[in-house]
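Structure, as structure tokens:
Since every read-out is calculated from the coordinates, none of them should be taken as a lab result. Only a predicted model underlies this, so the values are computations on that prediction, with no experimental measurement involved. Virtual Cβ from ideal backbone geometry, glycine too; neighbours counted across all protein chains shown.
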Amino acid sequence: MNLQNDIRPLRQNIILTVLCLSIFSYQGLETTVSPALPLIQSHLGITPDALSWVVTALLLTGAVATPIIGRLSDIYDKRTMLVVVLGVVSAGALLSAVAPNAIVLGFGQALQGAGLGLFPLSVGIIRDTMPQGRAKSANGFFMASATLSSAAGLLVAGPITDRLPYQSIFWIMCAILLTAAVTALAIVPKCPPRGIGRLDLGGAALLAVALVASMFALTKSSTWGLLSVKTLPLILVALVAVALIPRAEKRATDPLIHVDLLKLRAVWITCLITFVTSFAGYACTFLIALFVSAPRASGFGFGADATATGFYLLPLGLSAAIVAPLTGRLEKAVGPRDTMLGGTVLIVLGSWILAALRTEPWHIVVALTLIGIGTGFVLTQTLNNVVDVVPAGNVAGVVGIMFVAKAIGGGFGAQIVAEILASQADSVTGLTTNSGFTVAFSIAAVVVTLAVPAALALPRILRTSQDALSSTGESERTDATA
């Protein structure tokens, strides 16, 4: 059955609205919870270390669940998977709302982490239900919902927690997520798999070990030290697991990760760009929140409170949300490579402005607007690249790997610049210095500059999915007969 031809444009719009609502509520939940962490810590009477475990649980679950959900979306009905994932995230929000202690809260946050799998799952549904041109436009609106939700979350977190108990955040988002699940069951059509397959448990186990070890080492490195006897074994375990994955997946009948697809130039370069741009994006967001909230007496900060900090960060999410739906048109005009190149150049320019010029509030606004515009183009184009070159039966799985690269890149970015700020603190007062911010912003800018030559290395014209099938030898595992 060809869903792309059977579904009318109006219903396609409704399906897209449901997917946007799903990701908007999930992303908003994650964003609004961050400012509430001090309140949660105080209310539950938990230690900072226990609170860090709560955050770590969400990151680890998201990193492990995303590629698995992506693969399951390729071999099972996507509508069913969508409803299940929304149900799991809703259960996590419910548990977090009623949590009497850190253990229950951590379990609730771990369940919420599965929501990261909504990204590859939704992209797969878009790919199945819409023609290619329409799918690229839909990808833009989908990413716009995610970035706009992050911006909105930063704005409403302060007012909500000032007037209502922090639990209200979980209750509100739980209601929206359940509404999205019920609506999806009624509106989204069944998206049957394009071939017969099963989950590669061996590959899933290796990937889980690699991701858990690396993400755990990353999140605990600020406490243990990056080169401590606790962190280094975790890094070694992660490297060994990563080294074993290609051989194991080559031998698997139905691999979790199609290594040959990841070898495609357009795919691995896009993953690299996703990693470095996420590194800079998360790093700059983390740094700006600290920079603008620093007291004016420091000689460099603006003394912004939580609400004002949200307004400073608003241009980042708002500009990305505005331009993301336009990515398809830009790609049609200049091609995928130049679209990606333009986005990376804007991110690099904004990052270097933050490294060199932060004396006035408008400097921050201009820099974050440039980064936001570039991010909107880059994130949407990464999805479009996958849709173009990856066989339809593997789109969700590859997008899942791409969002893992995004999560790991963002985690490294925030953690490394935090370490830099700590190392550059004033030796007498222990406070962060302006020079420390300059070094940290510069590191982020240097890393993201790597995205420009990577974008230049992309093919001018991306090969079709059928071309990718013939070059990877995966025809027996996808719908070559469709």
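FRET efficiency for the THR80 to TRP171 pair, using the beta carbon distance and R₀ = 30 Å, is estimated at 0.70. Scalar couplings 3J(HN,Hα) for the stretch 252-266, obtained by applying the Karplus form with A = 6.51, B = -1.76, C = 1.60 to θ = phi - 60°, are 6, 5, 10, x, 5, 10, 7, 4, 4, 5, 5, 7, 4, 4, 5 Hz; x denotes Gly and Pro.
Packing-based ranking of 374-387, 202-215 yields 374-387, 202-215, ordered from highest to lowest mean Cβ neighbour count within 10 Å. Packing here is the average count of other Cβ atoms within 10 Å per residue, and on that basis the peptides 126-132, 390-396, highest first, run 390-396, 126-132.
Highest mean first, the peptides 319-330, 67-78 sorted by other C-beta atoms within 10 Å per residue fall in the order 67-78, 319-330. Within straight-line reach of LYS230, meaning a Cα separation under 18 Å, sit the following lysines at least 8 residues removed in sequence or on another chain: LYS220. Taking a straight line from the alpha carbon of LYS332, these lysines sit under 28 Å away, with near neighbours fewer than eight places off in the same chain left out: LYS136, LYS263, LYS406. So what's the gap between the Cα centers of the stretch 85-146 and the stretch 154-191, to the nearest angstrom? Each part reduced to its Cα centre gives a spacing of 11 Å. Between the listed residues VAL33, ALA97, LEU10, the Cα displaced farthest toward the positive end of the dipole of the stretch 1-200, a dipole computed from Cβ unit charges relative to the Cα centre, is found at LEU10.
Which residues in the stretch 326-362 place their backbone N less than 13 Å from a point set 7 Å from the Cα of ARG460 along the Cα-to-Cβ direction? The answer is 334-338, whose backbone nitrogens lie closer than 13 Å to the label point.
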